[in-house]
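J.: Right, I'll just put the structure down here and ask away after.
The values are calculated or read from the model by the stated rules, or taken from the named source; none is laboratory data. Every value quoted in this text rests on a predicted model; they were computed, and no experiment measured them. In this analysis, Cβ positions are derived from the backbone assuming ideal geometry, glycine residues included, and neighbour counts consider all displayed protein chains. When the accessible area is computed, the model is the full protein with side chains, heavy atoms only, and any ligands, DNA or RNA have been set aside. Shrake-Rupley method; radii C 1.70, N 1.55, O 1.52, S 1.80 Å.
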Amino acid sequence: MDSPMMSDAAPRDSLYDLDFASLAKRLDADGVNPAHASPLWYAMYRQLQLDLTANMDFPPPLRRWIQSTSPVLALPPISACVHSTDGLTRKLLLRLSDGQEVETVIMGYPGRHTACLSTQAGCAMGCVFCATGQMGFVRHLTAGEIVAQVMAARRLLQEHGDTGPRNLVLMGMGEPLHNYDNVMRALEIISDRRGLNVGPAKISVSTVGIVPGIRRMAEEQRPWNLAVSLHAATDAERSALVPANKRWPLAELIDACRFYCDQTGRRIFVEWTLIEGRNDDLATARRFISVLSGIDAHVNLIPLNPTARYDGAPAGVTRIDEFQHLLQEAGYPCTVRQRRGIDVAAGCGQLRADKAAQGHLTSRQTTSPAALRQ
Ligand code: SAH
Ligand code: SF4
């Protein structure tokens, strides 16, 4: 396995790291009226301004503060941008201040866009079929680096005359609940009504099944949707695909899901990557149904995206239909997630892994990164 690129440079503090209250507090601490957080927030998140020194509408004390502190408000440069052949999916590789690269995917649907965000560089969970897991863990993303992905997506869409992204899924590189505090702060910033205003119901956090994180989200009444990646219905099968299962086995995970549903009164989304001959047979579907018993769940089936270091294949179309049908008959809403932009390696971590393997991007690169650089 290639060793992930490590760097000594710590990510720089950015204004995108601060939620509204912290920004007001910071101004206050620097002797500036905290009420000036409002125009600053508006400029950052509604007007998408990056060069705050150029803003002549700010009150003079705020302008002086900006001049003297030169706050960092940089978007990560786009080191690659690939478009799928269907024209609906754009995948960005963003270069962070320490040289790490993470993926953000923008998926177009009729009348809206969804962005898929990364929460870590690499991932410590090691799921065998996942390109990010195959890379290993490098570091957590800061809250600002998560927010900056939404800003980059919003600016890119704006340049193309579009709005959004209206929906966000934390299903890019990394395990969100392994980076709990930064992820929650980022989501608070992103859903702040005075700024980006992405509705909490339009945001989904996907976890491999970190039980303490699920319980904490429930206890803290976090308003985002929760998706749990299950993929198998016995401990032996799940541990072979998802090593985190050894730490938080199925019974504990299902208990936590029940607790989440009871505490929040909301349904849970359950992800199941369908791998031919591995977890796509109908006996497994029946076991899956019994594992879900009593849980208000919506199931998403994801046909496997093949990756370099896992030789499984996606389940066949007929089998996917049968699997879906069984779940639906048992009363579970069940959708098959489109494999959007599979030609741009839209599976989590695949673009970065491909780039590392090839040393460069091939003909799939259709947009000059320089043209998109902020
Ligand atoms: N770490 C989180 C979120 C990122 S992965 C999690 O595991 O839930 C988002 C989803 O993509 C997960 O359900 C994951 O199992 C799935 N996934 C990862 N690699 C995949 C692949 N090669 N093919 C299909 N699904 C994959
Ligand atoms: Fe990490 Fe999720 Fe990939 Fe598993 S599937 S290795 S948890 S990113």
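J.: Hey, for a label at Q221 modelled as a point 7 Å past Cα toward Cβ, could you say which residues of region 230-262 have their backbone N under 16 Å away?
T.: 260-262
J.: Just to confirm my numbers, what's the Cα centroid distance between region 85-115 and region 247-272 in Å?
T.: Rounded to whole Å, the Cα centres lie 29 Å apart.
J.: While we're here: Give or take rounding to whole Å, what are the principal axis extents of the alpha carbon atoms in the chain, in descending order?
T.: If we take the Cα atoms of the chain, the spans are 69, 49, 41 Å.
J.: On a 0 to 90° scale, report how tilted helix 317-329 is relative to the longest principal axis of the chain, with both axes built from alpha carbons and the result rounded to the nearest 10.
T.: Tilt relative to the chain: about 90 degrees.
J.: Would you look at the GNM of the chain, springs on alpha carbons closer than 10 Å, and say which of A37, A54, A251 moves the most?
T.: Evaluated over the chain, the most mobile residue of the options is A54.
J.: While we're looking at this one, here's another question. How large is the accessible surface per residue of the chain, computed with a 1.4 Å probe and reported in Å² as a whole number?
T.: Accessible area per residue: 42 Å².
J.: Nearest 10 degrees, 0 to 90: what angle lies between the long axis of helix 180-191 and the longest principal axis of the chain (Cα atoms)?
T.: 60
J.: With a 1.4 Å probe and all protein chains left in place, how much of the accessible area of the chain comes from carbon and sulfur atoms, in whole percent?
T.: 50
J.: Separate question: Mind checking which aspartates and glutamates have their C-alpha under 16 Å from K202, skipping anything on the same chain fewer than 8 residues away?
T.: K202 reaches E188, D192.
J.: Let me ask something additional. In the Gaussian network model of the chain, springs joining C-alpha atoms below 10 Å, which of V183, V270, V102 carries the largest mean-square fluctuation?
T.: Highest fluctuation of the listed residues: V270.
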